[in-house]
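Please read the structure below before turning to the comments.
What follows is calculated from the coordinates using simple rules that are stated; it is not laboratory data. Being a predicted model, the structure only gives us computed values, none of them experimental. Virtual Cβ from ideal backbone geometry, glycine too; neighbours counted across all protein chains shown.
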Amino acid sequence: MIQALPSPAAVLDRNCEQRSDSGFLDQVQGSPNHRIVLFRGGRALVSGAGLAYLDPAAAAGHLPAGAVTVYLGRVLPGSQPSLPDGTDLVLKVLADDAGDLPWVPEGTSFSGYRDVGDSLRTADAAIFIEAQAVANWHLSHRFCPRCGAATAPEHSGWMRRCSADASEHFPRTDPAAIVAIVGADDRILLASNFAWESNRYSTVAGFIEAGESAEQGAVREIAEEVGVHLHTTRYEGSQAWPFPRSLMLGFVAYTDDAVAVPDGTEVREARWFSRSDLQAAVLKGEAVISRRLSIARALIEHWYGGTILEPGDALDHEPPARPDSGSGRGPAEAAASGKAPAGGPA
Ligand SMILES: [Zn+2]
């Protein structure tokens, strides 16, 4: 099966075998060639379009002994242009109340991913996401879920062991389904959430429950949130979204229902868009869709068949390709004939 969403190659070799050896982290930190990624209060130390990769000599003597330390990995050849291939990266997670750090380099600042993610180089964004995910886990799993005793990191920060019963605990990820819903007439159904500004529309997402397959979760969540029944789901790719610990599983899914019914608690409005409706609404500012680089945007643009232009984009841009015919990839596309759905929303 061809998956449609881009899945960039890994930036770091996580060295999963070696990192569980005791002494591996000390060995890495004993080398002057490793670099440090700093986290505090859910924010990473950032410099321009990248993370601030600190020279251990500059950080020496400044890092508190209690900082959680995690081996992030070794830069794979050609994957991270701002660092030499083979550089080992070590994450230091400082306490939220670590206070001012006057020793960090000028021009750097602690920034949240939502604030700077769009402007980061792709490789830096990937490292930020890994660091965020593992930092979140350490901060929320200090105690054993079996007995409540304190846990302590091992395996270079990729496992925590209970001090009382020796049980082992690993970073957790919560799977969520995120779905581009396509109707029988090939329009897309996007939802506006009560938590957003009223003209923002996106794909519909929800957590997969215990004992449920991803496809079952997608069908259930879509029925709950926008009241349409999906007859076909097609997995397209995934994106780690560690806020705090989600893995977004992207689907394009198809329904024969023409009337959407927002749940009224989470979803305020569900609206069908044709390709030309959506592009026009975005250019007029009548609709704001998910930002570029998000899996929601990738799913929407996968359905659209090209780049959706934003009001700020250059006007001499080539019009996006529109595969209104002949892509033959899904039942709705095959069935698309341009007719309006009976009883569909305006
Ligand atoms: Zn325990």
- Name the residue, out of 52, 150, 218, whose mean-square fluctuation peaks in a Gaussian network model built on the chain with Cα pairs under 10 Å. 150
- Task: Assuming R0 = 35 Å, can you tell me the calculated FRET efficiency for the pair residue 109 and residue 284, based on Cβ-Cβ distance, to the nearest 0.05?
- Result: 0.50
- Message: Per residue, how big is the convex hull of segment 183-320 when only Cα atoms are used? Give it in Å³.
- Response: 116 Å³
- Note on the structure: Per GNM of the chain with C-alpha springs under 10 angstrom, the most fluctuating residue out of 265, 203, 307 is 265
- For residue 246, which sequence-distant residues (separation of 5 or more, or a different chain) have an amide H within less than 5 Å of its own amide H, given hydrogens modelled in the peptide plane? 174, 241
- For segment 243-258, Karplus couplings with θ = phi - 60° (6.51, -1.76, 1.60), whole Hz, Gly/Pro x: 10, x, 7, 8, 10, 7, 9, x, 10, 9, 9, 10, 9, 9, 6, 9
- Query: Over segment 174-335, what is the mean sequence separation of C-alpha contacts under 8 Å (at least six apart), divided by residue count, expressed as relative contact order in percent?
  - Reply: 27 percent
- Rounded to the nearest 0.05, what FRET efficiency is calculated for residue 76 and residue 259 with R0 set to 45 Å and r the Cβ-Cβ distance? 0.35
- Note on the structure: Stretched fully, the stretch from residue 139 through residue 18 gains (0.36 nm per residue minus C-alpha distance, one decimal, in nm) 41.2 nm
- Message: Given R₀ = 41 Å, what would the calculated FRET efficiency be for residue 310 paired with residue 165, taking r from the Cβ atoms and rounding to 0.05?
- Response: 0.15
- Item | Neighbour net charge for residue 61 - beta-carbon separation under 15 angstrom, K R +1, D E -1 | 0
- Task: Would you grab the residues whose amide H sits under 5 Å from the one on residue 143? Only those 5+ places off in sequence or on another chain, please, with H modelled 1.01 Å from N.
- Result: 151
- Item | Computed over segment 114-265: relative contact order in percent, which uses C-alpha pairs under 8 Å that are six or more apart | 22 percent
- Note on the structure: Gyration tensor (Cα only) of segment 12-169 to equivalent ellipsoid, semi-axes in Å sorted down, yields 25, 18, 15
- Message: Helix-only estimate, please: 222 nm mean residue ellipticity of the chain, summing -39500 (n - 2.57) across DSSP H runs of length 4 or more and dividing by its residues, to the nearest 500.
- Response: -6000 deg cm²/dmol
- Query: With θ set to phi - 60° and the Karplus curve 6.51 cos²θ - 1.76 cosθ + 1.60, what are the ³J(HN,Hα) couplings of segment 121-137 in order, to the nearest whole Hz, using x for Gly and Pro?
  - Reply: 4, 3, 5, 5, 4, 5, 5, 4, 4, 4, 4, 4, 4, 6, 5, 4, 5
- Starting from the amide H of residue 256, placed 1.01 Å from N in the peptide plane, find each other amide H under 5 Å away whose residue is 5 or more places distant or on another chain. 231
- Say each of residue 198 and residue 7 gets a label point 7 Å from the Cα, pointing the same way as Cα to Cβ; how far apart are those two points in nm? 4.1 nm
- Message: What is the sum of charges, Lys and Arg at +1 and Asp and Glu at -1, for the other residues whose Cβ falls under 12 Å from the Cβ of residue 82?
- Response: 0
- Using a Gaussian network model of the chain with C-alpha springs under 10 Å, which one of 130, 221, 212 is most mobile by mean-square fluctuation? 212
- Item | Per principal axis, descending, Cα span of segment 161-249 in whole Å | 59, 31, 22
- How long is the gain from residue 152 to residue 121 if the chain were fully straight, where each residue apart is worth 0.36 nm and the alpha carbon distance is subtracted? 7.8 nm
- Message: Can you compute the radius of gyration and Dmax for segment 90-237, using only the Cα atoms, both in Å?
- Response: 20.5, 60
- Message: Quick check: from the Cα gyration tensor, does segment 239-315 come out rounded (a/c under 1.5), prolate or oblate?
- Response: oblate
- Query: For the chain, which semi-axes, largest first and in whole Å, follow from the square roots of 5 times the eigenvalues of its Cα gyration tensor?
  - Reply: 42, 23, 18
- Query: How large is ³J(HN,Hα), in whole Hz, for each residue of segment 161-178 in order, when computed from phi with the Karplus curve 6.51 cos²θ - 1.76 cosθ + 1.60 and θ = phi - 60°, using x for Gly and Pro?
  - Reply: 10, 6, 6, 9, 10, 6, 5, 9, 10, 10, x, 9, 10, 9, x, 9, 9, 10
